[in-house]
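> Dropping the structure in here first, questions after.
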Amino acid sequence: MPIRVLIADDHRLMREGTAALLAADERIEVVGLVRDGREAIQEALKKRPDVALVDLNMPGLGGIDACAVLRNRQPRLQVLILTVSEQPDDVYRALRVGAAGYLLKDMPPADLIDAVVRAGSGEPVIAPSMASRMLADFTSEPSHREAAGRTGLTGRERQVLMMLAEGSTNAEIGTRLDIGEPTVKTHVRHVLEKLHVRNRAEAAAYAARHAV
């Protein structure tokens, strides 16, 4: 079954251009185009998409608030923020309300398609440039590193968390650490439990904030 996608953007050219790009891939079906967050919520309730691609700044109800409502009403819906903003605080805000990813509008078309497909499979996706900034925050402040000891993470779990912050998949983590995917999944589960977060995206946000 194709991944059903809803697109919310107040710029007609952007939303229709994005729709045309995604619809050209046989793995994706665009089920709705809307102009703001309120319309996104209404359309999502009717169409039940798998992924919502939502602009950050829209008149009325913006992307962050829309994401919070969408995640509350449809927990299985993967919401991707698509924006021009490269402000780290916007990434953290998005992840805190349950966004599955944060993408930039200047990304290559093929990368956008890949991000939507990955999100449809339940993977979090963060623009590489933003992941790099998060990792810079991750290592920059000693006070954050001191706070790391209070999480109870083992050394290996901290390595896994750092790679989650980079957006690495389980397979990529396994290759870099030379361990099997079942072991990676166990480490990821332990990380989520110890940090008291719900998913990989929230763990990445925690890592960037606290440098665990």
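The values are calculated or read from the model by the stated rules, or taken from the named source; none is laboratory data. All figures in this text were calculated on a predicted structure; none of them were measured in a lab. Every residue, glycine as well, gets a Cβ built from its backbone with ideal geometry; the counts of neighbours run over all protein chains shown.
> Could you say whether any residue in the stretch 28-49 is surrounded by fewer than 24 Cβ atoms within 10 Å (Cβ to Cβ), closer than 19 Å to Pro124 by Cα and not aliphatic (A, V, I, L, M)?
no
> Here's something else I'd like to know. In the stretch 157-180, which residues are β-branched (Val, Ile, Thr) and touching a residue at least 40 places away in the same chain (Cβ under 8 Å)? Spell out the reasoning first.
The initial filter retains those residues of the stretch 157-180 that are β-branched (Val, Ile, Thr), namely 160, 169, 173, 175, 179.
Answer for the stretch 157-180, where residues must be β-branched (Val, Ile, Thr) and touching a residue at least 40 places away in the same chain (Cβ under 8 Å): just Thr169.
> Consider Glu43 carefully, then state whether it is acidic (Asp, Glu) and part of a helix (DSSP H, G or I).
Details: acidic (Asp, Glu): yes; part of a helix (DSSP H, G or I): yes.
It is true that Glu43 is acidic (Asp, Glu) and part of a helix (DSSP H, G or I).
> Next question, about the same structure. Filtering the stretch 1-24 down to residues that are buried (at least 17 other Cβ atoms within 10 Å of the Cβ) and charged (D, E, K, R), which residue is farthest from Leu77 (Cα to Cα)?
Ranking the candidates gives Asp10 first.
> I need a count of the residues in the stretch 54-92 that are touching a helix residue (DSSP H, G or I) at 6+ places or on another chain (Cβ under 7 Å), buried (at least 20 other Cβ atoms within 10 Å of the Cβ), of a type outside the set (Val, Ile, Thr) and not in a loop (DSSP other than H, G, I, E, B).
Selection size over the stretch 54-92: 7.
> Just checking, which of Ala52, Ala66 is at pLDDT 95 or above, in the same structural domain as Asp10 (by TED's automatic domain parsing), of a type in the set (Gly, Ala, Ser) and closer than 25 Å to Ala204 by Cα? Full working, then the answer.
Numbers: Ala66 fails: at pLDDT 95 or above.
Just a single option satisfies the conditions, and that option is Ala52.
> Specify the residue that is modelled with the lowest pLDDT; the eligible residues are those in the stretch 106-153 that are exposed (fewer than 15 other Cβ atoms within 10 Å of the Cβ) and assigned to a loop (DSSP other than H, G, I, E, B).
Glu141
> Just to be sure, is Leu13 touching a helix residue (DSSP H, G or I) at 6+ places or on another chain (Cβ under 7 Å) and within 19 Å of Leu112 (Cα to Cα)?
On the way: touching a helix residue (DSSP H, G or I) at 6+ places or on another chain (Cβ under 7 Å): no; within 19 Å of Leu112 (Cα to Cα): yes.
Spelling it out, it is not the case that Leu13 is touching a helix residue (DSSP H, G or I) at 6+ places or on another chain (Cβ under 7 Å) and within 19 Å of Leu112 (Cα to Cα).
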